[in-house]
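Novice: Mind having a look at this structure? Questions to follow.
The values are calculated or read from the model by the stated rules, or taken from the named source; none is laboratory data. What you see is a predicted model, and the numbers here were worked out from it, not measured in a lab. Don't worry about glycine lacking a Cβ; one is built from the backbone with ideal geometry, like all the others, and counts go over all protein chains shown.
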Amino acid sequence: MIKAVIFDMNGVIIDDEQFHREAWRRYCKRHGFRLTEDDFKHHVFGTTEKDTFQFLYGRSLSDAEVESFSNERVDEVIELVKSRATVPPGLKDLIEDITSAGMKLGIATSARRRYFNFVMDQLKLREYFSAVLTAQDVHKGKPDPEIYVGCAKRLQVDPRECVVIEDTISGIKSGQAADMKVIAITTTHPKDELTIADLIVSSFKELSIERIENLI
């Protein structure tokens with residue numbers, strides 16, 4: 001029996017991949033770095049900002065350095081997103097159906113708290129989620145399962161009774177390593193790159209309580 005659904009945020013609750021790409025490109029241009037498409041796949045999307053910055057700078061970074069670099073980049077993202085942030089089609093209906101079915105809702109995001117708060121304020125979805133973990137609440141980023149295990153713990157639900165909704169390969173691996181079933185949505189990767197997921201959809205309109213419950 002499924003008792004909780006845990007959402008990733010970037011690329012799932014908000015389709016912001018294009019804005020993050022542009023913000024990373026602007027940051028890299030200012031600081032003399034370059035990110036390839038392969039870098040975006042393996043070192044940006046689905047990982048924490050700290051991991052990405054450490055990849056760029058080629059060394060361990062202090063929390064103060066990460067905070068400074070992150071604020072500079074997030075300023076760019078917020079400027080790009082603030083007038084265009086919308087709830088993906090079908091998401092609000094799905095959230096309300098999940099809530100009506102008595103399941104709990106959580107968020108496990110690789111974003112830092114500042115950007116999470118911005119998105120929740122823009123989309124006005126905060127009230128639906130009983131537990132939230134951001135990159136600043138864990139020691140290890142995805143694909144490590146820590147963030148999903150921690151979210152299940154806060155929801156007071158066995159991980160085996162949780163379903164995850166993700167958009168990246170590292171996020172799928174994180175959820176599965178936490179012993180959860182994972183639904184992948186094709187906002188960041190095409191379907192043929194997400195085949196390790198338990199179910200793949202192109203939008204929330206393809207999801208229903210029945211399809212979620214049938215995963216277990």
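Novice: Are any residues in the range 1-41 within 19 Å of the chain's Cα centre (by Cα) and part of a loop (DSSP other than H, G, I, E, B), and if so, which ones?
Specialist: If the condition is that a residue be within 19 Å of the chain's Cα centre (by Cα) and part of a loop (DSSP other than H, G, I, E, B), then 8, 9, 11, 12, 13, 15, 16 are the ones that fit.
Novice: With the structure loaded, tell me whether residue 33 is under 20 Å from residue 114 (Cβ atoms), in contact with a helix residue (DSSP H, G or I) (Cβ under 7 Å, 6 or more places away or on another chain) and either crowded, with 20+ Cβ neighbours inside 10 Å or not small (Gly, Ala, Ser) (or both) or whether it fails that test.
Specialist: Working: under 20 Å from residue 114 (Cβ atoms): no; in contact with a helix residue (DSSP H, G or I) (Cβ under 7 Å, 6 or more places away or on another chain): yes; either crowded, with 20+ Cβ neighbours inside 10 Å or not small (Gly, Ala, Ser) (or both): yes.
Taking the combined requirement at face value, the residue does not satisfy it.
Novice: Kindly establish whether residue 149 is in a loop (DSSP other than H, G, I, E, B), over 20 Å from residue 15 (Cα atoms) and hydrophobic (A, V, I, L, M, F, W, C). Write out each step before concluding.
Specialist: Working: in a loop (DSSP other than H, G, I, E, B): no; over 20 Å from residue 15 (Cα atoms): yes; hydrophobic (A, V, I, L, M, F, W, C): yes.
No: the conditions fail for residue 149.
Novice: With 198, 192, 179 as the choices, which residue is of a type in the set (Asp, Glu) and over 21 Å from residue 98 (Cα atoms)?
Specialist: When all the criteria are applied, what remains is 192.
Novice: Go through 167, 192, 137 for me and flag whichever is of a type in the set (D, E, K, R), in contact with a Phe, Trp or Tyr (Cβ under 9 Å, 6 or more places away or on another chain), at pLDDT 95 or above and closer than 20 Å to residue 44 by Cα.
Specialist: On the way: 192 fails: in contact with a Phe, Trp or Tyr (Cβ under 9 Å, 6 or more places away or on another chain); 137 fails: in contact with a Phe, Trp or Tyr (Cβ under 9 Å, 6 or more places away or on another chain).
Answer to the selection: 167.
Novice: Within the range 82-105, can you find the residues that are out of contact with any Phe, Trp or Tyr (no Cβ under 6 Å at 6 or more places or on another chain) and part of a strand (DSSP E or B)?
Specialist: 104, the sole residue that qualifies.
Novice: Does the range 53-65 contain at least one residue that is under 19 Å from the mean Cα position of the chain (by Cα), surrounded by 20 or more Cβ atoms within 10 Å (Cβ to Cβ) and either of a type outside the set (Phe, Trp, Tyr) or more than 22 Å from residue 145 (Cα to Cα) (or both)?
Specialist: Among the residues of the range 53-65, not one is under 19 Å from the mean Cα position of the chain (by Cα), surrounded by 20 or more Cβ atoms within 10 Å (Cβ to Cβ) and either of a type outside the set (Phe, Trp, Tyr) or more than 22 Å from residue 145 (Cα to Cα) (or both), which makes the answer no.
Novice: Scan the range 61-69 and give yes if some residue there is in contact with a helix residue (DSSP H, G or I) (Cβ under 7 Å, 6 or more places away or on another chain) and part of a loop (DSSP other than H, G, I, E, B), otherwise no.
Specialist: Yes, because at least one residue in the range 61-69 is in contact with a helix residue (DSSP H, G or I) (Cβ under 7 Å, 6 or more places away or on another chain) and part of a loop (DSSP other than H, G, I, E, B).
Novice: Additional query: Can you give me the number of residues within the range 91-123 that are surrounded by fewer than 16 Cβ atoms within 10 Å (Cβ to Cβ), within 28 Å of residue 205 (Cβ to Cβ) and either outside the structural domain of residue 9 (by TED's automatic domain parsing) or under 19 Å from the mean Cα position of the chain (by Cα) (or both)?
Specialist: Counting residues in the range 91-123 that are surrounded by fewer than 16 Cβ atoms within 10 Å (Cβ to Cβ), within 28 Å of residue 205 (Cβ to Cβ) and either outside the structural domain of residue 9 (by TED's automatic domain parsing) or under 19 Å from the mean Cα position of the chain (by Cα) (or both) gives 3.
Novice: Here's a follow-up. Are any residues in the range 113-166 in contact (Cβ under 8 Å) with a residue 40 or more places away in the chain, under 24 Å from residue 79 (Cα atoms) and not hydrophobic (A, V, I, L, M, F, W, C), and if so, which ones?
Specialist: 114, 115, 122
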